[in-house]
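Report on the structure given below.
The values are calculated or read from the model by the stated rules, or taken from the named source; none is laboratory data. A quick note: this is a predicted structure, and the numbers were derived from the prediction, not measured. Glycine gets a Cβ as well: all are built from the backbone with ideal geometry, and neighbour counts include every protein chain shown.
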Amino acid sequence: MGELKRFWKLATDFDAPLDEYDDGIEKFLFERYKDKNGARSSKTYYALKPLIPRRLQILLRRRRARSVRSSFPLWPIEEKLENLKRDIFKSSMRISDEIPFIWFWPHGMRFAFVITHDVETQKGLRNIGRICEIERKYGFRSSWNFVPERYSVDARVLDGLVNDSFEVGIHGLKHDGKLFNSREIFDERMKKIKKYAVKWGAVGFRSPATHRNPDWMMNIPFEYDSSFPDTDPYEPQPGGCLSIFPFFMGNLVELPVTLAQDHTLFEILGHKDISIWKQKIDWIEKMNGMALVIVHPDYIRPGESRGRHKESRYSIEYYEELLQHVKNEDNCWHVLPREVAGWWRRRDNSEIRFDENGKPYIEGPAAKDGVITWIKPVNDEVMFEGEN
């Protein structure tokens, strides 16, 4: 089944030729619109990085960020792919069509919100408790991605997170920028990464610095990956998959990072509020997508009242404001990334059938929590109408 059909999950008797558009859709999802210069410059940066003091690294990234001009894909919102999905579908419909499909999220939820953390240094380990405390305060849980061979990871920390309904994931092996230097290095490190994943019970992966190569990553030993931004011109590997929904990449469910990275937003670009996050969440909610954020405990400052960590522009108060904002959103499905990946597989493995009276129902693993929604063209737009 093509990616567009997997996205819409239509009734099986809808015979529009959606497969013929798959190459165009996958060109964006797998970043085949890009040249290779970004990968080469990324290798150069990480080869020199150990020689560059941390303050100078930040200054260089800030200078580079000022030189970034508005281009494709746009930041912080790139609408091209999501509009294309709807335009293709709309062109396949008749004015009188009302077509059932399996709604994007369980129980008819309007959009999804997912919190992830990349713990990059020993300092980040020390901040875990404080951040978890804030998340529990607002009723959230998150996923914590660790680098197995960069610092010592105490098994008691991992057990404590899991026992408190958080999730543990893998963030590369060493975080030295060399994972994708060659296929030989990638395969050799992935063998070691797999051992840590089994030991820790981790089913999710994120590549350090969101380095990525879809052709190499399709069969890594995880249930999901979360290394692709939807759009990010500021990372060492700029670009993005343009998707604010999960999608399949070989054996993986890919969960794109769809909110601006906190380190980029506050440390590199110098924003002093969370208006960019709010703007993006509003658009994602409108499009019924997935808002997935990375929060780095390594760079977050405890709070303005503490008067410490003056080298950081990023206050934990920004993060708490984000949680307050999402907490007030109606019909938001907040879950761990492994649960989003599991749902996307269940939805993919389910079908819409019709009973003897012509009423549609869901057959398959999404039958219990899935919802059928009717899609129809209204005033030259694709509109949704729910049915429980």
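Among the residues of region 213-234, those identified as in a loop (DSSP other than H, G, I, E, B), in contact with a Gly (Cβ under 9 Å, 6 or more places away or on another chain) and over 14 Å from residue 74 (Cβ atoms) are 218, 219, 220, 222, 223, 226, 228. Cβ separations smaller than 7 Å between residues 6+ apart or across chains give the following pairs from region 278-301 residues that are within 29 Å of residue 127 (Cα to Cα) and at pLDDT below 95 to residues that are among the charged types (D, E, K, R) and surrounded by 18 or more Cβ atoms within 10 Å (Cβ to Cβ): 298/120; 299/267. For residue 339, the conditions (1) over 26 Å from residue 133 (Cβ atoms); (2) free of Cβ contacts under 8 Å to residues at least 24 places away in the same chain are fulfilled apart from (1). Across region 185-212, the qualifying residues are those that are among the hydrophobic types (A, V, I, L, M, F, W, C) and either in a helix (DSSP H, G or I) or out of contact with any strand residue (DSSP E or B) (no Cβ under 9 Å at 6 or more places or on another chain) (or both), and the one among them that is nearest to residue 154 (Cα to Cα) is 200.
There is no residue in region 240-255 that is surrounded by fewer than 24 Cβ atoms within 10 Å (Cβ to Cβ), of a type in the set (Val, Ile, Thr) and either in a loop (DSSP other than H, G, I, E, B) or without any contact (Cβ under 8 Å) to a residue 40 or more places away in the chain (or both). For region 362-388, the set of residues classified as over 22 Å from residue 89 (Cβ atoms) and not in a loop (DSSP other than H, G, I, E, B) consists of 363 only. Based on what the data block shows, is residue 215 buried (at least 24 other Cβ atoms within 10 Å of the Cβ) and either more than 19 Å from residue 23 (Cα to Cα) or not small (Gly, Ala, Ser) (or both)? Here the answer is no, as residue 215 does not meet what is asked. Regarding region 315-331, can at least one residue be identified that is surrounded by 17 or more Cβ atoms within 10 Å (Cβ to Cβ), in a strand (DSSP E or B) and at pLDDT 95 or above? No, region 315-331 contains no residue that is surrounded by 17 or more Cβ atoms within 10 Å (Cβ to Cβ), in a strand (DSSP E or B) and at pLDDT 95 or above.
Residues that are touching a helix residue (DSSP H, G or I) at 6+ places or on another chain (Cβ under 7 Å) and in a loop (DSSP other than H, G, I, E, B) within region 93-137 comprise just one, 110. Scanning region 138-167 for residues that are of a type in the set (S, T, N, Q) and not in a helix (DSSP H, G or I) yields 142, 143, 145, 152, 165.
Residues in region 258-291 that are among the hydrophobic types (A, V, I, L, M, F, W, C), farther than 21 Å from residue 86 by Cβ and not in a loop (DSSP other than H, G, I, E, B): 5 in all.
At negative phi, surrounded by fewer than 18 Cβ atoms within 10 Å (Cβ to Cβ) and under 21 Å from the mean Cα position of the chain (by Cα) - does that describe any residue in region 142-155? No, because not a single residue in region 142-155 is at negative phi, surrounded by fewer than 18 Cβ atoms within 10 Å (Cβ to Cβ) and under 21 Å from the mean Cα position of the chain (by Cα).
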